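The values are calculated or read from the model by the stated rules, or taken from the named source; none is laboratory data. What you see is a predicted model; the values in this text were computed from it and never measured. Glycine also receives a Cβ, built like all others from the backbone with ideal geometry; neighbour counts cover every protein chain displayed.
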Amino acid sequence: MKNITNDKVTAYICQYYHPVNEDLAHLREIGERDNVPIILKETEMILTTLLNLKRPAKILEIGTAIGYSSIYFATVCPEAEVYTIEKNEQMLQAARHNIAESGFENRIHSLFGDGQEQIEKLASQGITGFDFVFIDAAKSHYRRFFDAAVSVCVPGALIVSDNVLQRGMTVADEYDTHGKHKTNSRNMREFVEYITSDQDYHTSLMSIGDGLAISTYRGDYEE
Ligand SMILES: C[S@@+](CC[C@H](N)C(=O)[O-])C[C@H]1O[C@@H](n2cnc3c(N)ncnc32)[C@H](O)[C@@H]1O
């Protein structure tokens, strides 16, 4: 990924990427062909490690797109319920089609609307207890997505936020060559500052893919 990782190193790492199955390999091809920003291969590799360690039972995702990552979550975690939120109606239609094709309609609950609003709705319906969250939607809104997600998480939950380095623009304005992403960069910097300084979480920042923040929610844990 531009300004974050070395292309040769990424190409080397991605040689060792193995699609979870043929259906997901095909959906990745479609996503890449149609320029849908689905999770990068190297991001998927680290997510698989985290999911294998965590073995989550209830996964929340903000940003469904065509359903690639939600189908991936349901495949890697065969016992888990997946709730995924998408605010673009056309994307959601494509996702619902792909989810139906995957056979996971009974375990992937796709919700239409804004991430924060839909999480609040879930909470009002008593749907809480998430132990894995993946934030992969509008980059300027990560803090409100994160706060809403934490309110429906159990202590010990893992919250993974994708694209936190934004092709380097979060790190330095010089990477925002046309100066078009100032608001996104400022908001992402504030988000990173927030999740790395709050005592309720431990967050690691990783220069994988477009930058990942991996937060563990300490919840009500005693020191
Ligand atoms: C990077 S894509 C998600 C890719 C998907 N997670 C995957 O890897 O297959 C981000 C998606 O978030 C959606 N989105 C943007 N703002 C949103 C919001 N406020 N609430 C929910 N979804 C949103 C976009 O429409 C887009 O489809």
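Summary of values
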read-out	value
Matching residues, region 23-79, being under 23 Å from Thr203 (Cβ atoms) and touching a Lys or Arg at 6+ places or on another chain (Cβ under 8 Å)	Cys77
Matching residues, region 111-126, being under 18 Å from Ala95 (Cβ atoms) and touching a helix residue (DSSP H, G or I) at 6+ places or on another chain (Cβ under 7 Å)	Leu111, Phe112, Gly115, Ile119
Conditions (1) out of contact with any Leu (no Cβ under 9 Å at 6 or more places or on another chain); (2) in contact (Cβ under 8 Å) with a residue 24 or more places away in the chain; (3) within 12 Å of the ligand (Cβ to nearest atom): number failed by Tyr72	(1)
Hey, Ala157 away from the ligand (no atom under 16 Å from the Cβ), of a type in the set (Gly, Ala, Ser), surrounded by fewer than 21 Cβ atoms within 10 Å (Cβ to Cβ) and on the phi < 0 side of the Ramachandran plot or not	no
Criterion violated by Ala11 - all others in (1) surrounded by fewer than 19 Cβ atoms within 10 Å (Cβ to Cβ); (2) without any contact (Cβ under 8 Å) to a residue 60 or more places away in the chain; (3) small (Gly, Ala, Ser); (4) touching a strand residue (DSSP E or B) at 6+ places or on another chain (Cβ under 7 Å) satisfied	(4)
Pair list, Cβ under 8 Å, 6 or more apart: region 141-158 residue under 12 Å from Arg218 (Cα atoms), other residue polar (S, T, N, Q) and part of a strand (DSSP E or B)	Gly156/Thr216; Ala157/Thr216; Leu158/Ser215; Leu158/Thr216
First in region 14-28 and of a type in the set (Ser, Thr, Tyr), second anywhere and at pLDDT 95 or above, Cβ under 8 Å, 6 or more apart	Tyr16/Met45; Tyr17/Lys41; Tyr17/Glu42; Tyr17/Glu44; Tyr17/Met45
Residue, modelled with the lowest pLDDT, within region 1-36, restricted to residues that are hydrophobic (A, V, I, L, M, F, W, C), closer than 22 Å to Thr49 by Cα and part of a loop (DSSP other than H, G, I, E, B)	Met1
Matching residues, region 171-195, being more than 16 Å from the ligand (Cβ to nearest atom) and surrounded by 17 or more Cβ atoms within 10 Å (Cβ to Cβ)	Val171, Tyr175, Asp176, Ser185, Val192, Ile195
Region 134-151: number of residues that are outside any helix (DSSP H, G or I) and either more than 12 Å from the ligand (Cβ to nearest atom) or surrounded by fewer than 20 Cβ atoms within 10 Å (Cβ to Cβ) (or both)	1
Residue satisfying condition, being of a type in the set (Phe, Trp, Tyr) and at pLDDT below 95, within set Tyr142, Tyr175	Tyr175
Odd one out for Val164 among (1) at pLDDT 95 or above; (2) in a loop (DSSP other than H, G, I, E, B); (3) out of contact with any strand residue (DSSP E or B) (no Cβ under 7 Å at 6 or more places or on another chain)	(3)
In region 85-105, the residues that are under 17 Å from Gln116 (Cα atoms) and near the ligand (Cβ under 8 Å from one of its atoms)	Ile85, Glu86, Lys87, Asn88
Test: Glu101 is within 24 Å of Leu158 (Cβ to Cβ) and either charged (D, E, K, R) or surrounded by 19 or more Cβ atoms within 10 Å (Cβ to Cβ) (or both)	no
